[in-house]
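Structure record follows, encoded as structure tokens.
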Amino acid sequence: MSRTYAVTGAASGIGKVTTGLLREDAHTVITIDLKDADVNVDLTTEDGRRELVTQVRERSGGVLDGVIACAGLSAPIVATAAVNYFGAVATLEGLRPLLAAAETPRAAVASSLAALDPLDDDLFDALISDD
């Protein structure tokens, strides 16, 4: 049975390999990344995260069988938390209605401790409070 998946971080690394495996199994994949994807957005911004949802909704026809959120950075910079944490959360929350419309929806998140390593109490508190 062919399914439709959305994959963040699809232009490289885990996302690219995952996209290839899904397509080998004849699934439709909506790729999401900064560039070289079906949906080119910047997950470090609220506008980019909103645009992800809008474009995936349009491309999927309002139904999505799966989400694989694996976009991520590993540098010790603010953008890492923006992508690895807020990007993943916004992707799942924003695409949840599309998943709910599917018969057997599924979601997976791959992330990195890079957003929290070394642990920074102020950063941790900001993430927990959605700041």
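The values are calculated or read from the model by the stated rules, or taken from the named source; none is laboratory data. Quick caveat: nothing in here was measured; it's all calculated off a predicted structure. Methodologically, a virtual Cβ is constructed for each residue, glycine included, from the backbone with ideal geometry; neighbour enumeration extends over all protein chains shown. To get the accessible areas, we keep the full protein, side chains included, count just its heavy atoms, and leave off ligands, DNA and RNA. Shrake-Rupley method; radii C 1.70, N 1.55, O 1.52, S 1.80 Å.
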Q) Of all the accessible heavy-atom surface of segment 1-113, with the other protein chains kept in place and a 1.4 Å probe, what percent is carbon and sulfur? A) 54 percent
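Would you mind working out the magnitude of the charge dipole of the chain relative to its Cα centre, with +1 at each Lys and Arg C-beta and -1 at each Asp and Glu C-beta, to the nearest 20 Debye?
So the dipole magnitude of the chain works out to roughly 660 debye.
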Q. Long-range amide H contacts for Ala108: which residues qualify at under 5 Å (H placed 1.01 Å from N, peptide plane, sequence gap of 5 or more or a different chain)?
A. Val67, Ile68, Ala69
Q | Average Cα contact separation per residue, segment 1-72, under 8 Å, 6 or more apart, as relative contact order % | A | 40 percent
Q. For Val83, what charge total do you get from the other residues with a beta carbon under 13 Å from its beta carbon, if Lys and Arg give +1 and Asp and Glu give -1?
A. -2
Q: Towards the positive end of the charge dipole of the chain, with charges on Cβ (+1 Lys, Arg; -1 Asp, Glu), say which of Ser129, Ala90, Ala37 has the farthest Cα.
A: Ala37
Q. Within a Cβ distance under 15 Å of Ala10, other residues only, what is the Lys/Arg minus Asp/Glu net charge?
A. -1
Q) To the nearest Å, what is the center-to-center distance of segment 71-93 and segment 16-65, using C-alpha atoms only? A) 16 Å
Q) Tell me, what is the FRET efficiency for Ala26 and Ala101 to the nearest 0.05, using R0 = 30 angstrom and their Cβ-Cβ distance as r? A) 0.90
